[in-house]
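Engineer: Input: one structure, supplied below.
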Amino acid sequence: MARSRSNDRSRRRSGPRRDERSDKRRLARKSSPEAAEPRGPRSDPAAVRRLLDGIGVPEPSPFAPDDFQVEALAAIETEDVLVTAPTGSGKTWIAREEIRRLLAAGKRAWYTTPLKALTNSKYLEFSDEFGAENVGILTGDRKENSGAPLIVGTTEIFRNQLFDALREGAEVRTDFVILDEAHYLSDEERGHVWEESIILTPPRIRMLLLSATVGRAEEFARWMAEVRGTRVRVINRAGTRPVELRAAYLSKYLELFPLFDAAGKYDSRLDQMAAKRSSGGGNYRRRRN
């Protein structure tokens, strides 16, 4: 028995077991210079400065609405309106100003979006602008202040209210409805929701449709006028985006690579980096027996 205990103490003093030593060798190989992944090209600081130049909150300046915004706001008084304009050109301003007028007159409005995230964003934005007591939200996940004069919700919830009113012989409690992202009408899976919303909304409720990408706007407006029995004004703000889009690739080392150089030429190195990243990072591993 004494010899056995002595052997046990000897084994404990002999150091780590074989599997522990193997783990340490494997970690050492991973951190060794020969196993490290080559960094590849580095981003150009001057190009990154050009990419980020001007991004941020602009200096305050007096606001003057564009002609298309003024035209849309005037047309809403007596007609349904379809506004097609690039993202960032101020379509939501039209909706906000009409909502402001309606609330001041003691009337009600609905603002619909196709996405819960966008609905939540508009709910916070309108609560700040018009007062939390005047704004409610209705989605599949949230129901808050549903009796407010301004309701922000998903288009499906508005459509469901139209169906409920039709079954019950009741009136939908709104005087005005905004369908944001109206091009969802062409979506294969969800487009019927926008179609049903337009068809079932009573003509007494004026409609404002907003979209940056709706196609064949005049044809869309003719169909809408036919199914609703109303006049529909198309206001097309043609031209480029007022807010410039800039594209870049973010490497695994958190470096920005603009997609296009100062001459507008595509940086082909990005294809190689993206392929390497998607294939597992290109780690060099050596198997040892």
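The values are calculated or read from the model by the stated rules, or taken from the named source; none is laboratory data. Nothing here was measured: the structure is a model prediction, and the numbers come from that model. When we count neighbours, we look across all protein chains shown, and the Cβ atoms used for this are built from the backbone with ideal geometry, even at glycine.
Engineer: Considering only the range 53-77, how many residues are in a loop (DSSP other than H, G, I, E, B) and surrounded by 11 or more Cβ atoms within 10 Å (Cβ to Cβ)?
Structural biologist: 3
Engineer: Could you tell me which residue of the range 196-247 is surrounded by the most Cβ atoms within 10 Å (Cβ to Cβ), considering only residues that are of a type in the set (Asp, Glu) and under 25 Å from ALA170 (Cα atoms)? Full working, then the answer.
Structural biologist: Filtering the range 196-247 down to residues of a type in the set (Asp, Glu) leaves 196, 218-219, 226, 244.
Filter again for under 25 Å from ALA170 (Cα atoms), leaving 196, 226.
Details: GLU196: 17, GLU226: 10.
The extreme case among them is GLU196.
Engineer: Taking the condition at pLDDT below 75, in a helix (DSSP H, G or I) and farther than 30 Å from TYR184 by Cα, does ARG50 pass? Spell out the reasoning first.
Structural biologist: Numbers: at pLDDT below 75: no; in a helix (DSSP H, G or I): yes; farther than 30 Å from TYR184 by Cα: yes.
When the stated conditions are applied, ARG50 does not pass them.
Engineer: Separate question: Are any residues in the range 110-131 over 20 Å from the mean Cα position of the chain (by Cα) and under 21 Å from ALA225 (Cα atoms), and if so, which ones?
Structural biologist: Matches in the range 110-131: TRP110 only.
Engineer: Please specify each residue of the range 78-90 satisfying the condition of being under 21 Å from TRP194 (Cα atoms) and assigned to a loop (DSSP other than H, G, I, E, B).
Structural biologist: Residues of the range 78-90 under 21 Å from TRP194 (Cα atoms): 79-87.
Answer for the range 78-90, where residues must be under 21 Å from TRP194 (Cα atoms) and assigned to a loop (DSSP other than H, G, I, E, B): GLU79, ALA85, PRO86, THR87.
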